[in-house]
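*Asks:* Below you will find the structure I want to go over with you.
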Amino acid sequence: MPTLRFTKQAKLIKTDEFSSVFNFRKRISAQYLALHYQPNTQQHARLGLVVGKKIAKLSVSRNYMRRVLREFFRIQQHEICHVDLVIRVQKKFGKVDFVQIKQEFNSLMAKLNQRVNNDMHTNKHASPQLNTPLNVPAND
């Protein structure tokens, strides 16, 4: 059984990692959360969180939101496709909204898995195989 620890390998830390996910321009939004994602080559999903000061002025509130989202990710990390994931909070939430946030997170993860699987499926059938030789006429 896989461990449920949130390891250092499961975190997006560097600015370049965040930038590459944002520049990939794939996003799924809901009322409270916006999910930016990019497929990665590792065998696990990686998480980055963005909670701006415009959303919540107090660091206590921002840290609570990060903690809650990190916990949801930790529990589901082995069911999520291999993507770099940046979750951006769009609207402030607190303890009162916990159940709604959990439902929103679960529905976003289901949509994410569905989209990534569809993208991988269409890319496999759309692109030609790389190992086949090219039919180039010989110059005689």
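*Asks:* If you check every pair at least six apart or on different chains, which have Cβ atoms under 9 Å apart with a residue in the stretch 94-109 that is under 18 Å from His78 (Cα atoms) first and a residue that is assigned to a helix (DSSP H, G or I) and β-branched (Val, Ile, Thr) second?
*Replies:* If the second residue must be assigned to a helix (DSSP H, G or I) and β-branched (Val, Ile, Thr), the pairs left are Lys102/Val68; Phe105/Val68.
*Asks:* Tell me which residues, restricted to the stretch 8-27, are part of a helix (DSSP H, G or I) and among the basic types (Lys, Arg).
*Replies:* Once the filter is applied, which keeps residues that are part of a helix (DSSP H, G or I) and among the basic types (Lys, Arg), the stretch 8-27 yields only Lys8.
*Asks:* Output the residues belonging to the stretch 37-46 that are open to solvent by less than 20 Å² (accessible area, probe 1.4 Å) and part of a strand (DSSP E or B).
*Replies:* Hit for the stretch 37-46 is Tyr37, nothing else.
*Asks:* What is the residue count in the stretch 5-28 for residues that are open to solvent by less than 50 Å² (accessible area, probe 1.4 Å) and touching a residue at least 40 places away in the same chain (Cβ under 8 Å)?
*Replies:* 8
*Asks:* Right, next: Can you pull out every residue in the stretch 15-61 that is farther than 25 Å from Asn117 by Cα, of a type outside the set (A, V, I, L, M) and in contact with a strand residue (DSSP E or B) (Cβ under 8 Å, 6 or more places away or on another chain)?
*Replies:* Gly52
*Asks:* Filter the stretch 39-71 down to the residues that are polar (S, T, N, Q) and at pLDDT 95 or above and list them by number.
*Replies:* Within the stretch 39-71, Ser59, Ser61, Asn63 qualify.
*Asks:* Something else: Return a yes/no flag: does the stretch 96-116 have any residue that is of a type outside the set (D, E, K, R), touching a strand residue (DSSP E or B) at 6+ places or on another chain (Cβ under 8 Å), at pLDDT 95 or above and not in a helix (DSSP H, G or I).
*Replies:* No - not one qualifying residue is present in the stretch 96-116.
*Asks:* Please indicate, with yes or no, whether at least one residue in the stretch 78-98 is under 14 Å from Val116 (Cα atoms) and surrounded by fewer than 16 Cβ atoms within 10 Å (Cβ to Cβ).
*Replies:* Yes - at least one qualifying residue is present in the stretch 78-98.
The values are calculated or read from the model by the stated rules, or taken from the named source; none is laboratory data. The shown structure was predicted, so the numbers you read here are calculated from the model rather than taken from an experiment. Because the Cβ atoms are built from the backbone with ideal geometry, glycine has one as well, and the counts that use them run over all protein chains shown. Accessible surface areas use protein heavy atoms only, side chains included; no ligands, DNA or RNA. Shrake-Rupley method; radii C 1.70, N 1.55, O 1.52, S 1.80 Å.
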